[in-house]
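Participant: Right, I'll just put the structure down here and ask away after.
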Amino acid sequence: MAAARFHLFLVLSLTLSLCHFPDTTWAQLRQNYYASSCPRVESIVRGVVQNKIKQTFVTIPATLRLFFHDCFVQGCDASVIVASTATNKAEKDHSVNLSLAGDGFDTVIKAKAAVDATPGCKNKVSCADILAMATRDVIALSGGPSYPVELGRLDGLSSTAASVNGKLPQPTFSLNQLTAMFAANGLSQTDMIALSAAHTVGFSHCSKFANRIYSFSRRGPIDPTLNRTYAKTLQTLCPKNVDSRIAINMDPNTPNTFDNMYYKNLVQGMGLFTSDQVLFTDSRSKPTVTKWATDSKAFQQAFITAMTKLGRVGVKSGRNGKIRQDCAVLA
């Protein structure tokens, strides 16, 4: 009997050791985290965001993209904001991050300064949390849903360009590649489809999709999944050998509004990237795209769920993080 119990113990121990338990580093996150230490933090951040948007609309897509690029590399820890030094090439200087608009960084830095200038709030709020709040605000202020943000992140202790390698989706990705990359961050295929709607605002350089309108395959220069009229428009906006600095709206219909037009465009063959249009051409994701193209409320709810889950990725706590005084400096 004792031997049998011991054998059962060994089996259970081995089974438990092989099990993959979900990441629980985000357990410390909660709404109203700063209710006692800096009660006005959310209104302070929103005020800065509103002022930045008045200066330039680029604030909206820049901040949203900054959050995504931060969370997918070492987690949501503001490591993407850190500046390179003579001895360290930081995340922001990796080639895929060089197109991150400066207005996103500026929004966080200005919001951090405003928070720290508030009596009682100095060095109480992390840069990572400020970025999360600012992201929610740019979405809401451009017509998207507002939602409560879970707070309590610490800022990361490292930032290296090398850590970015292979961590961010590319515009040529297939559905399988997209699904796998998001799954590696605890996000489902439905979450991925929802978060892809960030492309309803913002811009893209012509080089990111030039292959779809000029050199797609031996059968023809234009991607057959691309709406022909839209393809001609893109060729006009992005002629061959166009200045590499030229960028165009990713959403040709409502580029300044966060809405479900992204999915309506996909149904019409007007997804800018291969990784956009595949969401409609692949039968596994097509039903979701079709539904959200006509059901804005369902999309918004799915987006809130996905953004909340994204904000939990790789959260730093305890000795694994700190509250940076200067968001751009690790020390």
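Participant: Scan region 120-131 and report the pairs whose first residue is open to solvent by 10 Å² or more (accessible area, probe 1.4 Å) and whose second residue is in a helix (DSSP H, G or I) and not β-branched (Val, Ile, Thr), with Cβ atoms within less than 9 Å and a gap of 6+ or a chain change.
Facilitator: Pairs found: Lys122/Asp116; Asn123/Asp116; Lys124/Asp116.
Participant: Just a yes or no: is a residue in region 224-231 touching a Phe, Trp or Tyr at 6+ places or on another chain (Cβ under 9 Å), without any contact (Cβ under 8 Å) to a residue 12 or more places away in the chain and not aliphatic (A, V, I, L, M)?
Facilitator: Yes: one or more hits.
Participant: Those residues that are assigned to a loop (DSSP other than H, G, I, E, B) and exposed (fewer than 14 other Cβ atoms within 10 Å of the Cβ), I need them from region 57-88; list them, please.
Facilitator: Ala86, Thr87 - these are the residues of region 57-88 that are assigned to a loop (DSSP other than H, G, I, E, B) and exposed (fewer than 14 other Cβ atoms within 10 Å of the Cβ).
Participant: Out of the residues in region 198-219 meeting the condition of being touching a residue at least 24 places away in the same chain (Cβ under 8 Å) and farther than 14 Å from Thr274 by Cα, tell me which one is surrounded by the fewest Cβ atoms within 10 Å (Cβ to Cβ).
Facilitator: Top of the filtered list is His205.
Participant: Suppose the filter is free of Cβ contacts under 8 Å to residues at least 24 places away in the same chain and among the hydroxyl-bearing types (Ser, Thr, Tyr); does Thr236 pass it? I'd like the intermediate steps shown before the answer.
Facilitator: Values: free of Cβ contacts under 8 Å to residues at least 24 places away in the same chain: yes; among the hydroxyl-bearing types (Ser, Thr, Tyr): yes.
Considered against the rule, which asks whether it is free of Cβ contacts under 8 Å to residues at least 24 places away in the same chain and among the hydroxyl-bearing types (Ser, Thr, Tyr), Thr236 comes out as yes.
Participant: Of everything in region 166-187 that's in a helix (DSSP H, G or I) and not small (Gly, Ala, Ser), which residue is farthest from Pro287 (Cα to Cα)? Explain how you work it out, then say what you get.
Facilitator: So the first thing to find is which residues in region 166-187 are in a helix (DSSP H, G or I), and the list is 175-183.
Then drop every residue that is not not small (Gly, Ala, Ser), which leaves 175-179, 181-182.
Details: Leu175: 14, Asn176: 16, Gln177: 19, Leu178: 17, Thr179: 16, Met181: 21, Phe182: 19 Å.
Per the criteria, the residue is Met181.
Participant: Lys112 - would you say it is crowded, with 21+ Cβ neighbours inside 10 Å, of a type in the set (Lys, Arg) and touching a Leu at 6+ places or on another chain (Cβ under 7 Å)?
Facilitator: Working: crowded, with 21+ Cβ neighbours inside 10 Å: yes; of a type in the set (Lys, Arg): yes; touching a Leu at 6+ places or on another chain (Cβ under 7 Å): no.
Taking the combined requirement at face value, the residue does not satisfy it.
Participant: A follow-up question, please. So which residues in region 166-214 are touching a strand residue (DSSP E or B) at 6+ places or on another chain (Cβ under 9 Å) and of a type in the set (A, V, I, L, M), if there are any at all?
Facilitator: Val201
Participant: Here are some residues: Asp259, Asp282, Asp326. Which one is touching a Phe, Trp or Tyr at 6+ places or on another chain (Cβ under 9 Å) and among the acidic types (Asp, Glu)?
Facilitator: One residue alone meets the criteria, Asp259.
Participant: Here is a follow-up. Being open to solvent by less than 50 Å² (accessible area, probe 1.4 Å) and among the polar types (S, T, N, Q) is the filter; apply it to region 172-187 and report the residue that is nearest to Arg212 (Cα to Cα).
Facilitator: Looking at the filtered set, the residue picked out is Ser174.
Matching residues to (1) closer than 14 Å to Ile193 by Cα; (2) in contact with a His (Cβ under 8 Å, 6 or more places away or on another chain); (3) not in a helix (DSSP H, G or I):
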position: Arg212; (1), (2), (3): no, no, no
position: Gln235; (1), (2), (3): no, no, no
position: Pro239; (1), (2), (3): no, no, yes
position: Val242; (1), (2), (3): no, no, yes
position: Arg245; (1), (2), (3): no, yes, yes
position: Phe258; (1), (2), (3): no, no, yes
position: Gln277; (1), (2), (3): yes, no, no
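The values are calculated or read from the model by the stated rules, or taken from the named source; none is laboratory data. This is a predicted model, so every value here is computed, not measured. Virtual Cβ from ideal backbone geometry, glycine too; neighbours counted across all protein chains shown. The area values use the complete protein model at the heavy-atom level, side chains included, leaving out ligands, DNA and RNA. Shrake-Rupley method; radii C 1.70, N 1.55, O 1.52, S 1.80 Å.
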